[in-house]
Amino acid sequence: VCWSEKGGWHRPRVSPYGPIQLDPAAAVLHYGQEIFEGMKAYRHADGSIHTFRPYENAARMQRSARRLALPELPSDIFLDSVKQLIAVDGSWVPSQAETSLYLRPFMFAKEAFLGVRPAKKVAYYLIASPAGAYFSGGVQPVNIWLSTQYARAGKGGTGAAKTGGNYASSLLPQAEAYEHGCQQVLFLDGRNIEELGGMNLVLVKKDGTLITPESDSILEGITRDSILQLAADRGHVVERRQVSIDEWREGAASGDIVGAFACGTAAVVVPIGRLLAEDFEILHTGDEAEKLALSLREELTGIQYGRVEDRHGWMVRLDA
Ligand code: PMP
């Protein structure tokens, strides 16, 4: 679908996968004016195809658009794009356990000019790719590296938007994490914990309370929101507030914080085994937090794959 200042959204069409033609002066190539989303289509046991909370992705894309001075894509066009893609060939959605079709909606500035201002011509695309089970042979705890040298986003920046620049700035610290034997990087805002390179973070207290960072410079994860709703349904107290690395460190030392997990569309929920920093480390070996993370994961994937009753009305059918 294309957008222009004069014509609004127009020309929705489905075409075979292939390269996009761009003018070398297209604004996105120079100023990074682009946003995206990540979601999945799941096949249920009866063969039907569903997606999870797509209106949340549509709304987040609209918030990202506002921050990046891009036009907002109406939710009905957003959902239509997903349905039309599935209508081309439903067999793209795999049927093996724990697999899905990953959906990547994205929008970028394609107007050609060399000046810093919002583009007047924009394109919205949706591509898809089958996704295998994220973990083969059981969910493995991840180790995370605390980046103190680099920040992902700052106050008033683009941290809450899903835009490529945030990920570009996390590549170097992510490489640093790998060098330290960690799979993900944890970002701070000052002393406050924010999120991982591509996942949100939740701390688990001994009494079952869940704490997650509240900040205007992290991505509001749809997985996190859903997991915390499921936990609240089970009677867990959920705190969304600022939380510092010192609180985590001291809580882990005193036994008040028994574990942590990360969550996002790709990996769903993953327990955190170890947090490694330049001058300290936090080791979580507590069974309770891991059990909780895995059982919330089981409930959420159960809803997504149609094995567990969808009592929040989160699933949307795509092939009917
Ligand atoms: N934070 C970041 C930086 C991410 O890239 C993602 C993945 N989209 C998340 C959090 C989790 O968001 P969601 O649960 O909506 O996938």
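Below are the figures for this structure:
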item	result
Positions within the stretch 200-229 being within 8 Å of the ligand (Cβ to nearest atom) and either free of Cβ contacts under 8 Å to residues at least 24 places away in the same chain or under 21 Å from ALA252 (Cα atoms) (or both), in sequence order	ASN200
Qualifying residue in the stretch 234-245 (condition: under 17 Å from GLN184 (Cβ atoms), away from the ligand (no atom under 16 Å from the Cβ) and touching a residue at least 24 places away in the same chain (Cβ under 8 Å))	yes
Those strands (runs of 3 or more DSSP E) lying entirely in the stretch 153-240 with at least 2 residues within 23 Å of HIS312 (Cα to Cα) and modelled with pLDDT of 95 or more	200-205, 210-213
Residue check, ALA97 more than 20 Å from the chain's Cα centre (by Cα) and closer than 30 Å to GLY302 by Cα	yes
Any hit, the stretch 61-73, residues being within 24 Å of GLY306 (Cα to Cα), of a type in the set (S, T, N, Q) and touching a Phe, Trp or Tyr at 6+ places or on another chain (Cβ under 9 Å)	no
Index of the failed condition, TRP92 passing every other in (1) within 15 Å of the ligand (Cβ to nearest atom); (2) closer than 19 Å to ALA320 by Cβ	(1)
Some residue of the stretch 162-178 being within 30 Å of VAL237 (Cβ to Cβ), surrounded by 15 or more Cβ atoms within 10 Å (Cβ to Cβ) and away from the ligand (no atom under 12 Å from the Cβ)	no
Failed item, numbered, when GLY181 is tested on (1) closer than 26 Å to SER217 by Cα; (2) in the same structural domain as ALA260 (by TED's automatic domain parsing); (3) not hydrophobic (A, V, I, L, M, F, W, C)	(1)
Any hit, the stretch 268-284, residues being within 16 Å of the ligand (Cβ to nearest atom) and touching a Ser or Thr at 6+ places or on another chain (Cβ under 8 Å)	yes
Residue check, ALA153 within 16 Å of the ligand (Cβ to nearest atom) and under 22 Å from THR265 (Cβ atoms)	yes
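The values are calculated or read from the model by the stated rules, or taken from the named source; none is laboratory data. Being a predicted model, the structure only gives us computed values, none of them experimental. Cβ coordinates were reconstructed from backbone atoms using ideal geometry, including for glycine residues, and neighbour counts include every protein chain displayed.
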